[in-house]
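Working notes, structure below.
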Amino acid sequence: MILLVEDNMKIAKGLIYALKQNNYEVIYASTLKEGKSKLENEKIDLVILDVSLPDGNGFTFFEENIKGIKTIFLTAKDTEDDIVHGLEIGASDYITKPFSTRELLARIKRLLNDSRKNLFKIKDIEYDVNKMVVYKNKEEVNLSSLELKILNLLFTNINKVVTRDSIIEHIWEWTGNDVYDNTITVYMKRIREKLGTDIIKTLKGIGYRIDNE
């Protein structure tokens, strides 16, 4: 699902038509207030966000409301400072008006293809491999560096068993510290508690696995 936040109706209508013609689901908001409501109530895969809207600034809106969702800034502002600022705060891409619809569609296709390969969603947990960030119901989960690396190991071996011996070896590589078997049990318990959703399956005496739904 693509969320388009744009107050220029002529541009919006043209983009909505082009997106639907290319088999994308799209919902529309003409203000940031409407955009926030859509984000809270819909499962959004990508946001196309105008920077200058009647009720506020797209940059600020992005920083305060958009977490873990690919975002393309769409704006008439083409100064280098604006472009750099948009990318520095975490935007996936930036395109200035007037723009080619074909170019925008190509960028959307690239971003969605990349995100499908590197974004896992299991129950209420989302994991972004590129960013190494975990979200629960769109809120970032606070994991320690080592906990995150263990979880990353499980997600990058989705549907495969990661043995306890393998986890021990990886922790030694990451930290240089010897780790005992019962330490792994403690780490897994902490990760599960922080996730609050039991997506990690235990194979007793062998290891752990996360299955793609």
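Values computed for the structure shown
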quantity	calculated
Condition check for LEU119: crowded, with 17+ Cβ neighbours inside 10 Å, under 20 Å from LYS70 (Cα atoms), out of contact with any Lys or Arg (no Cβ under 7 Å at 6 or more places or on another chain) and not charged (D, E, K, R)	yes
Criterion violated by LEU49 - all others in (1) closer than 23 Å to LEU119 by Cβ; (2) open to solvent by 70 Å² or more (accessible area, probe 1.4 Å) satisfied	(2)
Residues that are loosely packed, with under 15 Cβ neighbours inside 10 Å and either free of Cβ contacts under 8 Å to residues at least 60 places away in the same chain or touching an Asp or Glu at 6+ places or on another chain (Cβ under 8 Å) (or both), drawn from the range 130-142	ASN130, MET132, ASN137, ASN142
Options LYS33, LYS38, LYS70; residue that is open to solvent by less than 60 Å² (accessible area, probe 1.4 Å), within 27 Å of LYS136 (Cα to Cα) and not acidic (Asp, Glu)	LYS70
Condition check for ILE206: at pLDDT 90 or above, more than 20 Å from LYS131 (Cβ to Cβ), surrounded by 12 or more Cβ atoms within 10 Å (Cβ to Cβ) and over 28 Å from the mean Cα position of the chain (by Cα)	yes
Leading residue by the ranking (farthest from the chain's Cα centre (by Cα)) among those in the range 7-39 that are under 16 Å from ASP50 (Cβ atoms) and without any contact (Cβ under 8 Å) to a residue 12 or more places away in the chain	LYS10
Filtered residues of the range 1-30 (kept if among the charged types (D, E, K, R) and open to solvent by less than 80 Å² (accessible area, probe 1.4 Å))	GLU6, ASP7
Test: residue in the range 155-174 that is under 24 Å from SER92 (Cα atoms), buried (at least 18 other Cβ atoms within 10 Å of the Cβ), within 23 Å of the chain's Cα centre (by Cα) and of a type outside the set (A, V, I, L, M, F, W, C)	no
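The values are calculated or read from the model by the stated rules, or taken from the named source; none is laboratory data. Note that the coordinates shown come from a computational prediction; the quantities given were computed from them, not determined experimentally. Neighbour counts run over all protein chains shown; Cβ positions are idealised from the backbone, glycine included. These area figures cover heavy atoms from the full protein model, side chains too; ligands, DNA and RNA do not enter into them. Shrake-Rupley method; radii C 1.70, N 1.55, O 1.52, S 1.80 Å.
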